[in-house]
Amino acid sequence: MNKRKNLFWVALAAPGILWLAVLFIVPVYAVLAIALGKLDQLIEAPVAVWNPVDWSSSGVIDVWRDIFGSAAFAGPIIIRTIVYTAIASLLCLLIGYPAAYFVARFAGRRKALFLVLLIAPFWISYMMRMLAWIDLLSTDGYVNKALGWVGISPVNWLGGHAVTVIFGLVYGYIPYLIIVLYAGLDRIEPALLEAGRDLGLGRFRTFVHVTLPLSRQPIMTGLLITVLPMLGDYYTNQMLSGAASTSMIGNLIQGQLGTPGLEGQGAVLSLLLLAVLLIPMIYYVIATNREAAQ
């Protein structure tokens, strides 16, 4: 009987496994074949090498020198990406948690309305949202007009400012965090909160000792969903700044993939970024399984 159940679940999972193999494993191996392949010097185009025996490490060595060498230029870009992502993620959490908490606990009969407002940004493409942000931050945009009302001269927000890129990342990815936080906070049993108050805890101490620990898992999930795409983001900086002083690792990879002769190094950087992103994903899976076991 158990064997039949196991075969049933294996058969049920087979389409998903096949889909994953076709759309993830095969493309990753293709990138690996280019990253460790050869370069056609005549036309400056990468040549994919599918046999691992014939792979070359020259592209990896070149990328290592770009990151840690004496004339390294990729190292500061990587550090800048980490700093931008950390600040943007923290701002998303500081803004998104109160919003999700309000909808989950105090929206009442208007909860459906607030949920629609939270989901509405997903109905608009990321490019259109960034274009709207450009219109707001332009020299004659509404932000500078509002600053002019209080006597502050116009600011060239789109002239290569780090704060503009960080706010763009927050604006672009905060809906993902709010939705996840709301789903987690809404599942917290009200009886647990009432039990905390019955034990003499006030609203603030109930939040600190009951709500916040119970929302640790949604916080981890939401941050994972926002941090991973932020680290590989290139479009936000391209739209809101375009300056080399604010470029992120996504911009570096995009530039190398579009430059003849550097596609192999761009593929190596893509794989390195993927390897780094696997670390928080593995930690999340381990932490989730540990918490479920407890």
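The values are calculated or read from the model by the stated rules, or taken from the named source; none is laboratory data. What you are looking at is a predicted structure, and each value in this text was computed from that prediction instead of being measured. Backbone-built Cβ (ideal geometry, glycine too); neighbour counts: all protein chains shown. What goes into the accessible areas is simple: the full protein's heavy atoms, side chains included, and nothing from ligands, DNA or RNA. Shrake-Rupley method; radii C 1.70, N 1.55, O 1.52, S 1.80 Å.
Sequence-ordered 3J(HN,Hα) estimates for segment 114-128 from the Karplus curve with 6.51, -1.76 and 1.60 and θ = phi - 60° stand at 5, 5, 4, 5, 6, 7, 3, x, 5, 6, 10, 5, 4, 4, 5 Hz, glycine and proline given as x.
Mean-square fluctuations from a GNM of the chain, with a 10 angstrom spring cutoff on Cα atoms, peak among TYR142, TYR176, TYR101 at TYR142. Eigenvalues of the alpha-carbon gyration tensor of segment 228-294, scaled by 5 and square-rooted, set the equivalent ellipsoid semi-axes at 31, 16, 6 angstrom, largest first.
Of the three principal axes defined by the Cα atoms of segment 12-163, the extents in descending order read 64, 54, 27 Å. The solvent-accessible area of ILE78, taken with every protein chain present and a 1.4 Å probe, is close to 50 Å². For the chain, the share of accessible area belonging to carbon and sulfur comes to 71 percent (1.4 Å probe, ligands and nucleic acids excluded). For LEU39, the residues whose amide H sits under 5 Å from its own are VAL47, ignoring neighbours fewer than 5 places away on the same chain, with H placed 1.01 Å from N.
Here the simple spin-label model places points 7 Å from the Cα toward Cβ, and for PHE204 and VAL150 these points are separated by 2.7 nm.
Order TYR126, TYR84, TYR234, most accessible first, counting only protein heavy atoms with a 1.4 angstrom probe.
Output order, biggest surface exposure first: TYR234, TYR126, TYR84.
Given R0 = 51 Å, the distance between the Cβ atoms of ILE67 and ALA183 translates into a calculated FRET efficiency of 0.85. Put MET281, MET248, MET239 in order of accessible area, highest first, and with a 1.4 Å probe you get MET281, MET239, MET248. Within segment 184-271, all pairs of alpha-carbon atoms sorted by distance into 5 Å bins from zero give the percentages 3, 12, 15, 12, 10, 7, 7, 8, 8, 8, 6, 3, 1, 0. Solvent exposure of segment 118-254, expressed per residue, is 52 Å² of accessible area, with all protein chains present and a 1.4 angstrom probe.
Helical content of the chain, expressed as a calculated mean residue ellipticity at 222 nm, amounts to -22500 deg cm²/dmol (DSSP H runs of 4 or more residues, -39,500 (n - 2.57) each, divided by residue number, nearest 500). What figure in square angstrom, to the nearest 10, would you give for the accessible area of VAL285 with a 1.4 Å probe? Probe radius 1.4 Å; accessible area of VAL285 about 80 Å².
For segment 4-50, applying the loop criterion from DSSP together with a ceiling of 16 other beta carbons within 10 Å to the chymotrypsin sites (Phe, Trp or Tyr not before Pro) yields TRP50.
Averaged over its residues, segment 53-104 has an accessible area of 55 Å² per residue, based on protein heavy atoms and a 1.4 Å probe.
Full-extension gain between MET281 and VAL83, please, as 0.36 nm times their residue separation minus the C-alpha to C-alpha distance. Don't jump to the answer; show the numbers that get you there.
Values: separation 198, 0.36 × 198 = 71.28 nm, distance 1.94 nm.
Result: 69.3 nm gained on full extension.
Rounded to the nearest 10 square angstrom, VAL208 shows an accessible area of 50 square angstrom against a 1.4 Å probe.
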